[in-house]
Amino acid sequence: MEFRDIDQQLSFLERPEVEAAVAGMADSGTESRGAVFTRREVVDFILDLAGYTVDKPLHRARLLEPSMGQGDFLTPVVDRLLEAYRREVGDHGDIVEDLGNAILAVELHRSSYEETHALLMGALQEKGLTAAESRALCDRWLRQGDFLLLPIEQDFTHVIGNPPYVRQELIPDVLMAEYRRRFRTIYDRADIYVPFIERSLSLLAPGGSLGFICADRWIKNRYGGPLRQMVADYFHLEHFVDMVDTDAFLSNVVAYPAIVVISRQKTGPTRIASRPAIDGDELRALAKAMTARKLGKHKSVTEVARAAFGSEPWMLEAPDQLSLVRRLEAEYPTLEETGCKVGIGVATGADQVFIGPFDELDVEPDRKLPLATTRDILTGAVKWRGLGVINPFGADGKLVQLKDYPKLKAYLERHSATIKARHVSKKNPNNWYRTIDRIYPELTSVPKLLIPDIKGEAHIVYEPGKLYPHHNLYFITSTDWDLRALQAVLLSDVTRMFITLYSTKMRGGYLRFQAQYLRRLRLPLWRDVPASLRAELIKAGKSREADACNTAAATLYKLTSFERQALAVVPGVADAA
């Protein structure tokens, strides 16, 4: 990728419909513009990590803030810039000319731009600048517009900020299409901060540094793959700080935030820290340790040789466990290569219609299936509460003809307003009564392991083949592995390590037991497992006792004593079962 390519794409006149969409976003509310405000101590920490410090000639640097909001980053930046300038130049320079190109701060939201412009004007005058000088600098530093669309001619030594958190569905279709046309990292359900990172990196000067705080989903989820590839190919991930369960922002954020510092230079080791106290003195000490020429003895800082490798998820939590994962990945096939299948239960789009007490669903007997939900497996064993799901599909996989099922027809037509309001019904009116996901009734009678999506600890439940899974349950079936033996492996610390390192975590230490992470698990082939170990695994799976599962799994994977010790300190998992 040539970094100037993207700016060449941006240098055309906007289409009227795109301009109208941008104007609408500029006058939008807080939710649709993704405003999350960062604490001053955290801003100073990021500036320190990125090397924007007052002991350097900052008046010769060029800093970009792509989403300035109400000045959370901009105000500390200006404080540092003026302090460094007065030390280097004193009162002898032309401050407007000397500093006019030192900052570019962009804000889409019109009222935020105006408020920050006025705020900065006042702050500059309080620091001794005249009204004319203050206005001249503000007019040169601040721009109102869409960072992803604005033409920007210069490159920057520093890019700093907190990019907006905006889900795709909150962005007008015409604008989202324009973003997709311009930015190659927008993939799948990527949040808008992903192209913000892409464009910001493309504007870095050689040797320049980007310091962002944002949700960490992109470092592991599928949609972050193209951006991870870009970083691996052309940049160096210098610093990563996990900010989970810290008060980094002035409001609560559900997903794990993280700080990344990425530089445009040859790749090298990555310094890592986790969950620092939001205290100015402690953060200054941590920044000093992370940016030191040599890794010192600071207990909170670790280092991995190469964190970014192609589009692979970044696993930054524990180097010893990463070494174990890499060994298992090299020696054993994936879960699905051993004859297992990972899937997810049915999403209906209207559970209040398609799901209800099994005996009370007034449809033909072969048009409903007993349903397993997360509440049915809370104890670790199946305790069915009696719910069922309506199945509008026949054995051939096609929707049944309602004329052949008068009770089903009457039931669905009574609820047709709710059913037809779904997107899936509007998309194909002739098939208005289908569930979002196709139902495979034969799955009901297949023994399976049921796994809730979000959980603190592994919660793997054996279901003997009587229930169909709901959409918030993943399931695993197997043609080769004994499911009770597999249950023991999935309940072990080895699986917990895989999920912890690969998955995105939620506030409170919860993990995402999603199909994309489950498919990364490694297993030996069942035929290669000795008979005595098979029996041990099956017994451990039936008992669900942690020690028994861990002992059997350690034997299965031939873990060394060092590897067993590494498993004992898997980070980031709280007991939330």
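The values are calculated or read from the model by the stated rules, or taken from the named source; none is laboratory data. All figures in this text were calculated on a predicted structure; none of them were measured in a lab. Here the Cβ is made from the backbone with ideal geometry for all residues, glycine too, and neighbour counts use every protein chain on show. Accessible surface areas use protein heavy atoms only, side chains included; no ligands, DNA or RNA. Shrake-Rupley method; radii C 1.70, N 1.55, O 1.52, S 1.80 Å.
Name every residue in the stretch 41-63 that is among the hydrophobic types (A, V, I, L, M, F, W, C), out of contact with any helix residue (DSSP H, G or I) (no Cβ under 7 Å at 6 or more places or on another chain) and either closer than 23 Å to Ile152 by Cα or without any contact (Cβ under 8 Å) to a residue 24 or more places away in the chain (or both), in order of residue number.
Ala50, Ala61
Quick test for you: out of Leu525, Leu486, pick the one residue that is farther than 25 Å from Asp216 by Cβ, surrounded by fewer than 19 Cβ atoms within 10 Å (Cβ to Cβ), aliphatic (A, V, I, L, M) and at pLDDT 95 or above.
Leu525
Does Ala232 count as of a type in the set (A, V, I, L, M) and open to solvent by 10 Å² or more (accessible area, probe 1.4 Å)?
Against the criterion (of a type in the set (A, V, I, L, M) and open to solvent by 10 Å² or more (accessible area, probe 1.4 Å)), Ala232 qualifies.
Out of curiosity, is Arg385 among the basic types (Lys, Arg), surrounded by fewer than 22 Cβ atoms within 10 Å (Cβ to Cβ) and in a helix (DSSP H, G or I)?
No: the conditions fail for Arg385.
Residue by residue through the stretch 187-211, note down the ones that are open to solvent by 20 Å² or more (accessible area, probe 1.4 Å) and either within 19 Å of the chain's Cα centre (by Cα) or of a type in the set (A, V, I, L, M, F, W, C) (or both).
Residues satisfying the conditions are Tyr187, Asp188, Arg189, Asp191.
Being open to solvent by 60 Å² or more (accessible area, probe 1.4 Å), closer than 30 Å to Asp482 by Cβ and of a type outside the set (S, T, N, Q) narrows it down to one residue among Ile344, Ile436; which is it?
Ile344
Scanning the stretch 151-186 for residues that are within 22 Å of the chain's Cα centre (by Cα) and assigned to a strand (DSSP E or B), which turns out nearest to Leu108 (Cα to Cα)?
Gly161
For Arg326, which of the numbered conditions (1) open to solvent by 40 Å² or more (accessible area, probe 1.4 Å); (2) under 24 Å from Val231 (Cα atoms); (3) not in a helix (DSSP H, G or I) fails to hold?
Result: Arg326 fails condition (3) only.
Being among the polar types (S, T, N, Q), in contact (Cβ under 8 Å) with a residue 60 or more places away in the chain and outside any helix (DSSP H, G or I): is that true of Ser67 here?
So Ser67 fits the description; yes.
Here is a check on your reading of the model: is Asp320 open to solvent by 30 Å² or more (accessible area, probe 1.4 Å), assigned to a helix (DSSP H, G or I) and in contact (Cβ under 8 Å) with a residue 24 or more places away in the chain?
yes
Could you run through the stretch 109-150 and say how many residues are out of contact with any Gly (no Cβ under 7 Å at 6 or more places or on another chain), part of a helix (DSSP H, G or I), more than 19 Å from Glu83 (Cβ to Cβ) and not aliphatic (A, V, I, L, M)?
Looking only at that region, the number is 8.
Residue check, Ala277 against (1) without any contact (Cβ under 8 Å) to a residue 40 or more places away in the chain; (2) in a helix (DSSP H, G or I); (3) among the hydrophobic types (A, V, I, L, M, F, W, C); (4) farther than 24 Å from Tyr517 by Cα, all met but one. Which one?
Of everything listed in (1) without any contact (Cβ under 8 Å) to a residue 40 or more places away in the chain; (2) in a helix (DSSP H, G or I); (3) among the hydrophobic types (A, V, I, L, M, F, W, C); (4) farther than 24 Å from Tyr517 by Cα, Ala277 misses just condition (2).
Counting only residues that are in a helix (DSSP H, G or I), of a type outside the set (Phe, Trp, Tyr) and touching a Ser or Thr at 6+ places or on another chain (Cβ under 9 Å), which one in the stretch 519-536 is nearest to Glu337 (Cα to Cα)?
Leu533
Scan (1) open to solvent by 70 Å² or more (accessible area, probe 1.4 Å); (2) modelled with pLDDT of 75 or more; (3) under 24 Å from the mean Cα position of the chain (by Cα) for the single condition Thr30 breaks and write down its number.
Status for Thr30: all satisfied but (2).
Mind checking whether some residue in the stretch 375-390 is closer than 19 Å to Pro447 by Cβ and free of Cβ contacts under 8 Å to residues at least 12 places away in the same chain?
Taking every residue of the stretch 375-390 in turn, at least one turns out to be closer than 19 Å to Pro447 by Cβ and free of Cβ contacts under 8 Å to residues at least 12 places away in the same chain.
Kindly provide the set of residues from the stretch 254-272 that are under 13 Å from Thr302 (Cα atoms) and surrounded by fewer than 21 Cβ atoms within 10 Å (Cβ to Cβ), ordered by number.
Pro269
Could you check how many residues of the stretch 329-372 are part of a helix (DSSP H, G or I) and among the basic types (Lys, Arg)?
Matching residues across the stretch 329-372 total 1.
All but one of (1) surrounded by 15 or more Cβ atoms within 10 Å (Cβ to Cβ); (2) under 32 Å from the mean Cα position of the chain (by Cα); (3) not in a helix (DSSP H, G or I) hold for Gly380, so report the exception by its number.
Unmet for Gly380, out of (1) surrounded by 15 or more Cβ atoms within 10 Å (Cβ to Cβ); (2) under 32 Å from the mean Cα position of the chain (by Cα); (3) not in a helix (DSSP H, G or I): (1).
Taking the stretch 82-108 only, how many residues are assigned to a helix (DSSP H, G or I) and of a type in the set (A, V, I, L, M, F, W, C)?
Final tally of qualifying residues: 5.
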